[in-house]
Structures are given as C-alpha cells and as structure tokens.
Amino acid sequence: MTLASYLPFLSGGVAIGFAATLMMMLNGRVAGVSGILSGLWRRTDAGPAASAAFTTGLALGPALYALAFGRAPEVHLTSSAPVLVIAGLLVGYGARMGSGCTSGHGVVGLARLSPRSIVAVAVFLATAIATVALMRIGSAL
C-alpha cells in the first residue's frame, strides 16, 4: 500500500482526535458517543441540542468523506440483520455497563491516562480478540 492509500484513515483519525479535543476544550465534556447519544433522551449538562448536533455530525460523516475523497466509503457487511441487531444491543449494553464506549474510553480516556479507561480498553481488546478467535474456530468446523 502506498502512503496515499492511508490518507483516508489518517485524516479520519485526525478528525476524531480534533473533535474530541474541541469537545473537551469548549464544553468540558468527554466525546464519548454512547454518553452523547443517551443525552438525546435524558437531561444532561449540555442539553439535548448539543447531543443532537454531535449526533447529526456523526450521521453526516459519510457525506463529508464522499466530498473529500470523491467516493462514498466502502462498507461490506457479511453478517445477517439479526446478528447485527443482537451485536448492536450487546455493544449498547456493554457501553452502559462499562460507563462508556470505545470512543470515550479509547480516544479520550487513554489520552488522559484514566485508569478506568485503561482497564476498559484492555477488556475491549481482549473480548474482541477472543470473539474473532471463536468465530474463526466456529467457521472452520
């Protein structure tokens, strides 16, 4: 792969880091998507308007990508709709149980050297590795 082929991923990472930094500097809040999404339905310090603006920005991401790179991002789903729904519900449950999601703990928490986030990210990674290993074993049978 050439350096240019990494540009979309690099620019996405920079944009996420920049957005998280702005959120912390301007609002004093962690840019954790699960917490922000839940702010649409419950009272928060920032209010539902700020949560709606952030969520709208997430939804517009693919359109901005298409404008920047001249094509829509490629998405390849290999699982059925029921599996995706169950997986999404499990991720949501885990985010609530872990007091945050990968964006809050992984992007902001690790940058702040939060012990809770370090443990959470270690658990996320261990679970992901175990899941992939089990899926590969299951598909080989």
At 7 Å along the Cα-to-beta-carbon direction for both Thr78 and Leu58, put a label point, then send me their distance in nm to one decimal. 2.5
Give me a comma-separated list of calculated 3J(HN,Hα) values for region 132-138, in order, Karplus coefficients 6.51, -1.76, 1.60 applied at θ = phi - 60°, integers in Hz, x for any Gly or Pro. 4, 4, 5, 5, 5, 5, x
Return the sequence-ordered ³J(HN,Hα) values of region 18-26 in whole Hz as given by the Karplus equation 6.51 cos²θ - 1.76 cosθ + 1.60 applied to θ = phi - 60°, using x for Gly and Pro. 5, 5, 5, 5, 4, 4, 5, 5, 8
Calculated from backbone phi, Karplus (6.51, -1.76, 1.60) coupling profile of region 63-71 in Hz, x at Gly/Pro: 5, 5, 4, 4, 5, 6, 10, x, 7
Write down the radius of gyration of the chain and its Dmax, each obtained from C-alpha positions, in Å. 17.0, 52
Phe124-Leu40 pseudo-label distance in nm [points 7 Å out on the Cα-to-Cβ vector]: 2.0
To the nearest 0.05, the calculated FRET efficiency linking Tyr6 and Arg136 through their beta-carbon distance, R0 being 22 Å, is 0.25
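Laboratory data are not the source of any read-out in this text; all were calculated from the coordinates shown. Note that the coordinates shown come from a computational prediction; the quantities given were computed from them, not determined experimentally. Please note: Cβ atoms are built from the backbone with ideal geometry, for glycine as well, and neighbour counts cover all protein chains shown.
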